[in-house]
1. Would you compute, for the Cα atoms of the chain, the largest minus smallest coordinate along each principal axis and list the three values in descending order, in whole Å?
2. Report the charge-dipole magnitude of the chain in Debye, nearest 20, computed about the Cα centre from +1 at each Lys and Arg Cβ and -1 at each Asp and Glu Cβ.
3. Just to confirm a number: summing +1 for Lys and Arg and -1 for Asp and Glu over residues other than L51 whose beta-carbon lies under 11 angstrom from that of L51, what do you get?
4. Fewest first, what order do C104, C24 take by the number of other Cβ atoms within 10 Å?
5. At a 10 Å Cβ-Cβ cut-off, how would you order I79, I250, fewest neighbours first?
6. With a/c under 1.5 counting as rounded, go ahead and sort segment 174-270 into rounded, prolate or oblate using the C-alpha gyration tensor (a ≥ b ≥ c being the square roots of the eigenvalues; past the cut-off, prolate if a/b is larger than b/c, else oblate).
7. What shape does segment 71-208 have by the C-alpha gyration tensor, where a ≥ b ≥ c are the square roots of the eigenvalues, rounded means a/c under 1.5, and otherwise prolate means a/b greater than b/c and oblate the rest?
8. Step by step: find N for segment 158-200, compute 2.2 N^0.38 Å, then divide the Cα radius of gyration by it. What's the final number?
Amino acid sequence: MINYTEHLSLLMEDVVRRTPSLACIHLEDLLVFGRFGRADADGAFATCHCLTLPTSEPGYFYWRDRTTGELTRQSEWFITKSPRVTIGPRRIKYLISFVMPRFCNQSLRHSRKALFYPGAPDWVGKLDTIVHELYHIDPEQAGLRRVKCADGSESERAHGPHFYQDVARIVTAYLASRPDPSLLGFLADDFNALTARYGGVVATTFRNFPSFPQRYMERLEMPATEPLVRIERLKPASQPELYTEDDLHIREFTEQSTRRLTRKGQHRAA
Ligand SMILES: [Zn+2]
C-alpha cells in the first residue's frame, strides 16, 4: 500500500530545500495527516493548522433580554487554547491536513488556478495545493502568514491578491529546478489509480479520528459578571490537551470510508 502522507512529507522536504523563500520553514516542526472527504463532495483539498496561537483572554457567552437589553444568562468563563502535539522531544507547530480521496482526484483543468499553468499536466494542481499550504506558514513562525493590503495594512483575509501568484511562481521555479521525478510520481495518479497500483492508500491520522488537534475551551473559576445572572455550564472539553506519537494511527482510506490498520505484533492497550 502507498503511504500517502509520507510521500507528501518527502515531497514537501524537497520543495522547501529547493525554494529559498520557503527556507524559513522547519519541517521537523510540521506534521502531515489525512482527513476524510469524498471526491464528489465540495470542500477544501487541504488545510494548514497553526498550533502556536496564544491562549485567548478569558471570555464568556451571554444572552440578553430582547426588550429590556438586560443580561439574562451567561456561560461559565473560559479561555481558548491550542493543544500540544509532541513527537518525541519535538513540539509540533503546524499541521497540514490533506482531505482524501478528494485531494488525490484534484485536477488542474477547470480550476481557477489553471491560468497560472498554461499547458501544464493535471497533477500540477495538487503540487500547487501543497505549496499553497506551506506558504500559509508565517515566515516568522508566529502563526499563519499575514496578508498585506496594497496600503501596507494587514488584511483580515488569509489570501491577499498576490498569494496565488506567489504560490504559482514557487511551483514553476520548483519544477524548473528538475526535481527527482520519483518524488512527484505519486501525484499523477488519481485515487482509483493509486488503489489499483499499490493495493491501497494509507495515511497518518490521529487516534480520535475523524477529529484532530483543534483549539478547545478550558473552563475558568471566575465569578459571574452580575450577581443574579443565571450561569450556563460549558460542555466538558472533548479535545485532548496533549497528543504524542502514541496518538498517531495509520488508516486505510477508500472512496467511501476509512479503517484503522494495526501493525502485526502491535498490542492494543486493554
Ligand atoms: Zn489557503
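Values in this text are rule-based calculations from the coordinates and carry no lab data. Bear in mind the structure is a predicted one, so any value in this text is a computation, not a measurement. All Cβ positions, glycine included, derive from the backbone under ideal geometry; neighbour counts span all protein chains shown.
1. Principal-axis extents of the Cα atoms in the chain, largest first: 68, 59, 38 Å.
2. On the way: 36 positive and 33 negative charges, 105 e Å.
Its charge dipole is roughly 500 debye.
3. Working: positive: K81, R84, R91, K93, R215; negative: D29.
It works out to a net charge of +4.
4. Numbers: C104 24, C24 12.
The order, fewest Cβ neighbours first, is C24, C104.
5. Taking fewest neighbouring Cβ atoms as first place, the list is I79, I250.
6. Values: a/c = 3.14, a/b = 2.13, b/c = 1.48.
In terms of gyration-tensor shape, prolate.
7. Verdict is oblate for segment 71-208.
8. Rounded to two decimals, the normalised Rg is 1.61.
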